[in-house]
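The values are calculated or read from the model by the stated rules, or taken from the named source; none is laboratory data. These numbers were taken from a predicted model, which means no experiment stands behind them. FYI the Cβ positions are ideal-geometry reconstructions off the backbone, even for glycines, and counts take in every protein chain you see. Just so you know, the surface numbers come from the protein's heavy atoms only, side chains and all, with ligands and any DNA or RNA stripped out. Shrake-Rupley method; radii C 1.70, N 1.55, O 1.52, S 1.80 Å.
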Amino acid sequence: MKAVVYDRYGPPEVLHLEDVPKPAPRDDEVLVKVRATTVNRLDCHTREANMTSGPVVSTISRLISGVRAPRRRILGSELAGEVEATGAAVRDFKAGDRVFGLTGLRFGGYAEYACVRESARITHMPATVTFAEAAAVPDGAMNALWSLGQVKLRRGMTVLVYGASGSIGTAGVQLARYFGAEVTAVTSTKNLELVKSLGADEVIDYTKEDFTKNGKTYDVVFDAVGKHSFERSKESIKPGGYYLATDGFRNLVLAPWTALFGDKKVSFTIPPRYPKRDLELLRDLIEKGEYRAVIDRRYPMERVVEAHRYVDTQQKVGNVVLLISSEGRA
Ligand SMILES: NC(=O)c1ccc[n+]([C@@H]2O[C@H](COP(=O)([O-])OP(=O)(O)OC[C@H]3O[C@@H](n4cnc5c(N)ncnc54)[C@H](OP(=O)(O)O)[C@@H]3O)[C@@H](O)[C@H]2O)c1
């Protein structure tokens, strides 16, 4: 089968197409004919062994992915496709089922076929979307669900989403609204209309206004892009409120510290936990028209280097899809 592989850490150019053996499912696995996958920040960070995040993070990244070279040659942590075959013990899926899910650090989505355990974060696709639209759902939305789940969101609570145009941010705006919160989305001028269309009650253009200086306070500040900080946003958080982090070593120290001291908490747990029931919830929300993955660009598998270069700019809006076959559009 055709796959995008890499054998050393580095820039997007380390990725190339190769013919590799087609995997065979074990007893508890399904063999998925992959139609679409994504290029997300996890793929890009893993590809370059997190070197841009400094030596400490890079060392941890290599301990996870392979010290000298990547242990797993095929990236792609989310996918959508069709079940081609099932192992003897598989009960919930059969050949022909349309499925989507998250392979996480096992990756494997950048290939024509991938084996996924039945018990992993994989489920039947929403009936209403294409493979490309389904592939773009799991990573950002499950991260947003995990982050927002740290707070018991109640109707009428106020949530500010910083970095509202990213993969996690576009999901965070929609899901905070779904849980009944009043949402303020912070983004740059070009993405204001998009975040309004996702249901934000208020929008702030960070190129024109600093939300930390407008005198308003929120129950939750959700830094969905890892570009803000607890210290800078502290005065905008209500007493008893939360700063939800998605990135930043410093937050690993601040989380336990603020749990003991002060009346404003930082929440940041690594690794985040993504239960399968969250994927099922997302499928139901999509079918009811209450959630959609935002797709910025779609690239055919052959243009994977270009796709990674684009995601490396940190300017993608929502998600970038990699089409493994022309049926990815269907
Ligand atoms: N998604 C993942 O795979 C994943 C996994 C684990 C952890 N994380 C972490 O979670 C965070 C979010 O990831 P993501 O994939 O959702 O991000 P993303 O999609 O790459 O975010 C891109 C968006 O961020 C906005 N942005 C860029 N610089 C900004 C700034 N200085 N202030 C405010 N917004 C800015 C840009 O919009 P504007 O033009 O409006 O600025 C752009 O639309 C990252 O820190 C990442 O390391 C991500």
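Tabulated data
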| read-out | value |
| --- | --- |
| Residue that is of a type in the set (A, V, I, L, M, F, W, C), in a loop (DSSP other than H, G, I, E, B) and either within 12 Å of the ligand (Cβ to nearest atom) or farther than 25 Å from ASN40 by Cα (or both), where the choices are VAL253, VAL151 | VAL151 |
| Conditions (1) of a type outside the set (Ser, Thr, Tyr); (2) in a strand (DSSP E or B); (3) in contact with a Phe, Trp or Tyr (Cβ under 9 Å, 6 or more places away or on another chain): number failed by ASP278 | (2) |
| Residue tally, condition small (Gly, Ala, Ser) and touching a helix residue (DSSP H, G or I) at 6+ places or on another chain (Cβ under 6 Å), over region 234-258 | 2 |
| Selection status of SER165, surrounded by fewer than 18 Cβ atoms within 10 Å (Cβ to Cβ), at pLDDT 95 or above, more than 21 Å from GLU235 (Cα to Cα) and among the polar types (S, T, N, Q) | no |
| Subset tally (residues that are within 16 Å of the ligand (Cβ to nearest atom) and over 19 Å from VAL320 (Cα atoms)) for region 160-187 | 9 |
| Number of the condition not met by ASP219 [criteria: (1) touching a helix residue (DSSP H, G or I) at 6+ places or on another chain (Cβ under 6 Å); (2) in contact (Cβ under 8 Å) with a residue 40 or more places away in the chain; (3) not in a helix (DSSP H, G or I)] | (1) |
| Pair list, Cβ < 7 Å and 6+ apart or interchain, from region 273-287 residues that are more than 12 Å from PRO138 (Cα to Cα) to residues that are small (Gly, Ala, Ser) | GLU287/ALA127 |
| Test: residue in region 137-148 that is surrounded by 19 or more Cβ atoms within 10 Å (Cβ to Cβ) and over 28 Å from SER229 (Cβ atoms) | yes |
| Residues of region 234-245 classified as open to solvent by less than 30 Å² (accessible area, probe 1.4 Å), under 25 Å from the mean Cα position of the chain (by Cα) and not hydrophobic (A, V, I, L, M, F, W, C), total | 2 |
| Odd one out for MET142 among (1) within 25 Å of ASP19 (Cα to Cα); (2) hydrophobic (A, V, I, L, M, F, W, C); (3) within 11 Å of the ligand (Cβ to nearest atom) | (1) |
| Top-ranked residue of region 1-50 - restricted to ones that are touching a helix residue (DSSP H, G or I) at 6+ places or on another chain (Cβ under 6 Å) and under 30 Å from ALA95 (Cβ atoms), ranked as surrounded by the most Cβ atoms within 10 Å (Cβ to Cβ) | THR37 |
| Complete set of residues in region 193-233 that are open to solvent by less than 70 Å² (accessible area, probe 1.4 Å) and more than 21 Å from the chain's Cα centre (by Cα) | VAL203, ILE204, ASP205, ASP210, PHE211, THR212, ASN214, THR217, TYR218, ASP219, PHE230, SER233 |
| Every residue from region 312-330 that is modelled with pLDDT of 95 or more, more than 13 Å from the ligand (Cβ to nearest atom) and part of a loop (DSSP other than H, G, I, E, B) | ILE324 |
| Which listed residue, of ARG292, ARG309, ARG277, ARG273, is away from the ligand (no atom under 12 Å from the Cβ) and crowded, with 17+ Cβ neighbours inside 10 Å | ARG292 |
| Region 94-111, residues that are part of a loop (DSSP other than H, G, I, E, B) and buried (at least 20 other Cβ atoms within 10 Å of the Cβ) | THR103, PHE107, GLY108, GLY109, TYR110 |
